[in-house]
Amino acid sequence: MSLQVDVRHHAGSFGLDMCFENQDGLLALFGPSGSGKTTLVNLIAGLAKPRAGRISVDGAVLVDVKEGVFVPPHKRRVGYVFQDPRLFPHLTVLQNLRYGEWFTPSSERYASLHQVVDLLGIRHLLARRPAHLSGGEKQRVAIGRALLASPRLILMDEPLAALDDARKAEILPYIEQLRDELRVPIVYVSHSVAEVSRLASHVILMRDGQVTAQGPVETVLTHGDLLPLGEKGEAGSILHLVVQAHDHAYHLTELQSAGGNWFLPLLNAPVGARIKIRVRARDVTLALQRPVQASALNIQEGHVASVALHSGPDATVAVAVGGEHLHASVTRRSVDELALRPGVPVFALVKSVTLGR
Amino acid sequence: MDWLALSPEEWSAVRLSLWVSVWATLASLPFGVLLAFVLARKEFRGKSLVNGLVHLPLILPPVVTGYLLLLVFGRRAPVGSFLEQSVGLIFSFRWTGAALACAVMAFPLMVRAIRLSIEAVDHKLEAAASTLGAGPFWVFVTVTLPLILPGILAGMILAFAKAMGEFGATITFVSNIPGETQTLPSAIYTFTQVPGGETGALRLTLVSIAIAMAALLASEALARRLNRRMHAA
């Protein structure tokens, strides 16, 4: 899939001016509320017309204002999972699921009912009506419904925002399967670093209708200063590691790394599996010598790759560990006192790790 | 209880009234839905004028409406003579005219009920349907229409009840001919005008009450079923 967007749009006092391109995988649109994420997604779906610009998917032009092209939403084959599930209340779950399938020519269908129903674990719900489903179940059905229309691209507008943490955890694995097993291109709107770092391969950071940063999730999420206010503390690094051993006595799993192995609470993953972890920059402490008699299990040896000084008291230090970067949030004063400069060998103490899978 | 038995003439008035009201309701339904949809969803110049015209029969004296119908749909009137020559449809002094008068009088009530239910439909559901590949026509048929069914039902019952009771416009437009245009209200009116007609008037009054109650109960039951279907497991 390739998605090309170059649009300008006005909604009230608010202006949107976006230009980006995305290849395969899951693209996250990330930004604070009011940054224009939903507006942008509506433009891609055809629920709104841009004032100027062009959007195309796989070379097919969806809208081109200059050429006078506007493909109506029902002819775009762009799926949409809304924040609220928007299931049809007068239809059963099965009828909801089949709704989009019915409008898709059989030659263009790639998703089958059985596959989707099993993938999302909703077989036992088929005969029910939406009014009797839980929030998480409704959202799974909504995902299945969008999928069964065999779209070229699925838009997800904060599909988990209305759910509690337990329900979120229930749905995330299904979205991962969509991404990995069915290889459906997804544009995922979110304002949660946890979701984005777990799901996305590419991220576009948005603010006030503009792109502030874009690129692979590993690099974009290190820009704490660009993240939405409430999520600044979530800035950090994403690392890819391989499971080396399980220690059942201490309930720990050892992950292999060039800078020293990691120890995480026991993981349900086979030895040799690749695991994605997320480390918040504020959870990383730097030291010039290997700390002795410290409780921290996860100590990584590397050298300073770069130092970014911020306007306040803070600075972000990138530490090269193996081939990847581990970011640490420290004070500017510490940068000076420890004389942290690119090339200086350091030890990074990590207090907490989030599993990103 | 012999006094309760309806005479053949009275039966004929009851049958005619039911026939006229059913026709008035069903024939005006497509126009009612269409107009309700346009008024609920579209913005255009002269919308308040259209809205006013639809509601006019509700506020005009029924006799005035009946007279206007006579002026427009009479056999020598422009629309009336055109319809007679082109499709052979005659309204004046026929049961069809009674149905037309009833439909016009009941139309505002029907449009109002349906319009309210269309305005209550969540626009987001229709947007969701369009992203799933449904064009405007299919969105209306598969999403909007099922969701406004209770409103349509309410509009039909209101229209039917209004048609059953319509008197002024009907008697002005198509007169009071037994067997052709003498509906229940006209028959009751006739009974009250002749000596000894009290029992006949009473019998037909009881029939009127029975029909009205039956229609009301039927609509309640149907609405309950629709509601259950929407919220049942």
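The values are calculated or read from the model by the stated rules, or taken from the named source; none is laboratory data. A quick note: this is a predicted structure, and the numbers were derived from the prediction, not measured. Using ideal geometry, Cβ is built from the backbone for each residue, glycine included, and neighbour counts are taken over all protein chains shown. When the accessible area is computed, the model is the full protein with side chains, heavy atoms only, and any ligands, DNA or RNA have been set aside. Shrake-Rupley method; radii C 1.70, N 1.55, O 1.52, S 1.80 Å.
Annotations
- Occluded residues from segment A:72-90, i.e. those whose accessible area drops by 10 Å² or more once the chain is not alone (1.4 Å probe): A:73, A:74, A:78, A:80, A:82, A:84, A:86, A:88, A:89, A:90
- Segment A:2-226 - percent of accessible surface contributed by carbon and sulfur, probe 1.4 Å: 49 percent
- Relative to its residue count, segment B:2-232 spans a Cα convex hull of 143 Å³ per residue.
- Overall form of segment A:237-355: prolate. Here a/c, set by the Cα gyration tensor axes a ≥ b ≥ c, is 1.5 or more, and a/b is the larger of a/b and b/c.
- Carbon and sulfur %, accessible surface of segment A:237-355 computed with the full protein complex present, 1.4 Å: 52 percent
- Here the accessible area is traced with a 1.4 Å probe on the protein chains. For chain B, carbon and sulfur cover 70 percent of it.
- The Cα center of segment B:192-226 and the Cα center of segment B:122-147 differ in position by 39 Å.
- Residues in segment B:132-161 occluded by at least 10 Å² - accessible area, probe radius 1.4 Å, against chain by itself: B:132, B:133, B:134, B:135, B:136, B:138, B:142, B:143, B:146, B:147
- Net lengthening on full extension, residue B:3/residue B:94 (0.36 nm per residue, minus Cα-Cα): 29.7 nm
- Based on C-alpha pairs under 8 angstrom that are at least 6 apart in sequence, segment A:146-267 has a relative contact order of 14 percent.
- At q = 0.13 Å⁻¹ the log10 of I(q)/I(0) for the protein assembly as shown amounts to -1.26, computed by Debye summation with a single uniform scatterer per C-alpha, solvent ignored.
- Sequence-distant lysines (8 or more away, or on other chains) whose Cα lies within less than 22 Å of residue A:37: A:49, A:168, A:232, B:124
- One decimal place: the segment residue A:134-residue A:33 gains 33.8 nm when fully extended, by the rule 0.36 nm per residue minus the C-alpha distance.
- Between residue A:203 and A:28, A:215, A:217, the built amide H atoms are under 5 Å apart, and every one of these is 5 or more places off in sequence or on another chain.
- Computed E for residue B:194/residue B:51 - FRET, C-beta separation, R0 51 angstrom, nearest 0.05: 0.75
- Interface residues, segment A:92-123 - accessible area loss of 50 Å² or more versus chain alone, probe 1.4 Å: A:99, A:103
- Top of A:188, A:174, A:250 by mean-square fluctuation, Gaussian network on chain A, Cα under 10 Å: A:250
- Highest mobility in the GNM of chain A, judged by mean-square fluctuation with C-alpha springs under 10 Å and restricted to A:187, A:335, A:69, is found for A:69.
- Per residue, in Å², the accessible surface of the protein assembly as shown once ligands and nucleic acids are set aside, probe 1.4 Å: 47 Å²
- Working note: 222 nm ellipticity from helices only, DSSP H runs with n ≥ 4, each -39,500 (n - 2.57), summed and divided by the residues of chain B, gives -25500 deg cm²/dmol to the nearest 500.
- Diffusion coefficient, µm² s⁻¹, Stokes-Einstein with Kirkwood Rh over alpha-carbon pairs of segment A:106-149 at 25 °C and 0.890 mPa s: 225 µm²/s
- Length gained when the stretch residue A:308-residue A:115 is fully extended (0.36 nm per residue, less Cα-Cα span): 64.7 nm
- Chain pair B, A: total accessible area buried, heavy atoms, 1.4 Å probe, Å²: 2100 Å²
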